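The values are calculated or read from the model by the stated rules, or taken from the named source; none is laboratory data. From a predicted model like this one, the values you see are computed outputs, not experimental measurements. Heads up, the Cβs are rebuilt from the backbone with ideal geometry, glycines too, and the neighbour counts pull from every protein chain shown. Calculation scope for accessible area: heavy atoms of the full protein, side chains included, ligands and nucleic acids excluded. Shrake-Rupley method; radii C 1.70, N 1.55, O 1.52, S 1.80 Å.
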Amino acid sequence: MSALRILVPVKRVIDYAVKPRINKAMTGVETVGVKHSMNPFDELSVEESVRIREEKRAPGGVEDICTISAGPAKSQDVIRTALAMGIDRGIHVELKEGEELEPLTVAKLLKATVEAEKSNLVLLGKQSIDDDAGQTGQMLAGLLGWPQATQASKVEFGEGDSVLVTQEIDGGVETVRAKLPMVVTTDLRLNTPRFAKLPNIMKAKKKKLDKKTLADFGLTSEKKLKILKVTEPPVRQGGGKVEDVGGLVSKLKELGAL
Amino acid sequence: MTPPNPVLRRQVIAIYKGYQAACPPSMCCVRADGYPELLYLGRDYPLGYDYFRPRLHKAFMSKAGERDDEAIKKGLAHAEFVKKDATADPFRRYYLKRYRTLRKRYDPDA
C-alpha cells in the first residue's frame with residue numbers, strides 16, 4: 001500500500017459573484033480592478049485532499065499534499081488560501097500579467113510537476129469558471145497514461161491501491177474503480193469547503209512556496225487557438241400581450257405559424 | 001371541533017412566539033438556552049419584518065384547524081427545519097449561496 005502524494009492544481013479566476021464585462025477590443029473579459037478568488041471547483045479539490053488526510057481515508061496514509069498554480073504574481077494569494085486550508089506546500093509558476101495558458105500547456109506543466117514531485121494522485125477541479133474548457137484533467141490523464149475519474153461526488157479508497165469514485169449522471173450515480181496513480185476531477189457536490197481560520201492563515205505564510213517559471217519546465221505560453229471575438233449573449237426580447245383569440249390567431253398568422 | 005391536544009398546542013405556540021407566550025407565568029418553562037423562535041428570527045428577514053410577519057401568521061393560520069397529532073408533529077418538524085435554515089452560520093450560508101448560483105449557472109434545469 002503506497003502512501004498518497006497528492007497534487008492539487010488551483011487557478012485564480014474572477015470571483016463567481018462578479019458579472020464579467022467584455023473589454024473594449026472585444027478580445028476577452030476585463031480583468032483589471034476586478035475581484036479575483038480561487039476557482040470554486042479547485043476549492044473543492046483542496047478541501048477533499050485535506051479531508052482525505054484528516055479522516056484517514058487512505059489506508060496507506062497521506063505523505064504529502066502539494067498545490068500548484070500558474071499565473072501572475074497575485075496568484076500567490078490563491079496558493080496561500082490553499083495552504084491556509086491545510087495543504088503542506090505550494091509551487092507558483094509565475095507568468096507575466098495578462099499571459100494565459102491553454103489547457104494543453106497546463107496539462108504539460110502538470111505532467112512535468114507530477115513527475116518531479118512523484119505524485120500518485122492528482123485532484124483537480126473539473127473546470128475553471130472563467131474559460132469553462134473542462135479539459136485539463138482529461139488531457140493530463142492522457143499525457144500521463146493514468147486512469148481518470150471525472151466529476152467526482154465521492155472519493156473512497158479500497159484494498160490494494162484501488163480508488164472508488166462516484167459521479168453523478170443523469171438520473172443516478174455511476175461508480176468507477178481504478179488503481180493509483182490516477183487523476184480525479186471534482187464536482188460541486190463533493191464537499192463543503194472550509195473557511196480558513198486566522199491562525200491557519202498566519203501559519204500558511206510560513207509554509208514553503210517554490211517559485212518557478214515556464215522555462216524551468218521547458219514550456220512556452222504559445223497558443224494553438226486564437227480568440228476571434230468575444231461578445232455578450234443576445235438580450236432577451238420581451239413578449240407581447242394579445243387582446244383576444246382573434247388577436248392571437250392574426251398574430252400567429254403574421255409570424256407564419258399558422 | 002375537537003379541542004386541540006394541549007401539549008402539542010403549547011409546542012406550536014412555542015416555536016411560533018416563544019416559550020414565554022406558550023406557558024402561563026405560573027408554569028415557568030422557559031428554556032435555559034434561550035433558543036430563538038420564528039417570530040423573533042423574522043426581524044432580520046431580508047425583505048423586512050412587515051413582509052415576514054403576516055406571511056408567518058398565514059402559514060400558521062392555514063393549519064390552525066389541524067387536529068391530527070401526527071400531522072401537527074410533521075408541521076413542528078418543518079418549523080424546526082425553517083428555523084435551522086434561518087440560524088445557519090454565515091459561512092455555511094455563503095457556501096450554500098455560491099453552490100446554488102454555480103449549480104444554476106451550469107445546469108439550467110436545477
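Structural remarks
- Heavy-atom accessible area, probed at 1.4 angstrom with all protein chains present, ranks B:His78, A:His36, A:His92 as B:His78, A:His36, A:His92, highest first.
- Assigned charges on the beta-carbon of Lys, Arg, Asp, Glu; chain A dipole about Cα centre (debye): 700 debye
- log₁₀ of I(q)/I(0) at q = 0.08, 0.12, 0.14 Å⁻¹ - the range A:4-254, Debye sum with one point per alpha carbon: -0.37, -0.71, -0.93
- Note on B:Val7/B:His57: beta-carbon distance plugged into 1/(1 + (r/R0)^6) with R0 of 25 Å gives a FRET efficiency of 0.65.
- Once backbone amide H atoms are built at 1.01 Å from N, A:Lys126 has A:Thr186 as its partners under 5 Å, excluding neighbours fewer than 5 places away on the same chain.
- Solvent accessible area, Å² - A:Lys224, 1.4 Å probe, full protein context: 150 Å²
- Rolling a 1.4 Å probe over the protein heavy atoms leaves B:Arg55 with an accessible area of roughly 130 Å².
- Here the range A:109-203 is treated with +1 on each Lys and Arg Cβ and -1 on each Asp and Glu Cβ, and its dipole about the Cα centre works out to around 420 debye.
- Relative contact order, percent, the range A:4-254 [alpha-carbon distance under 8 Å, six or more residues apart]: 24 percent
- Ranked order, A:Asp42, B:Asp69, A:Asp216, B:Asp50 - accessible area, probe 1.4 Å, largest first: B:Asp50, A:Asp216, B:Asp69, A:Asp42
- Here is how the number arises for chain A: DSSP H runs of 4 or more residues each give -39500 (n - 2.57), the sum is divided by the residue count, and the result at 222 nm is -8000 deg cm²/dmol.
- The solvent-accessible area of A:Asp77, taken with every protein chain present and a 1.4 Å probe, is close to 100 Å².
- Low-density loop positions, GluC sites (Glu not before Pro), the range A:3-55 - DSSP coil, at most 16 other Cβ in 10 Å: A:Glu30, A:Glu55
- Rounded FRET efficiency, nearest 0.05, which uses the C-beta distance separating A:Asp216 from A:Lys96 and R0 of 22 Å: 0.90
- Against the criterion of solvent-accessible heavy-atom surface with a 1.4 angstrom probe, A:Glu159, B:Glu37, A:Glu222, A:Glu94 sort, most first, into A:Glu159, A:Glu222, A:Glu94, B:Glu37.
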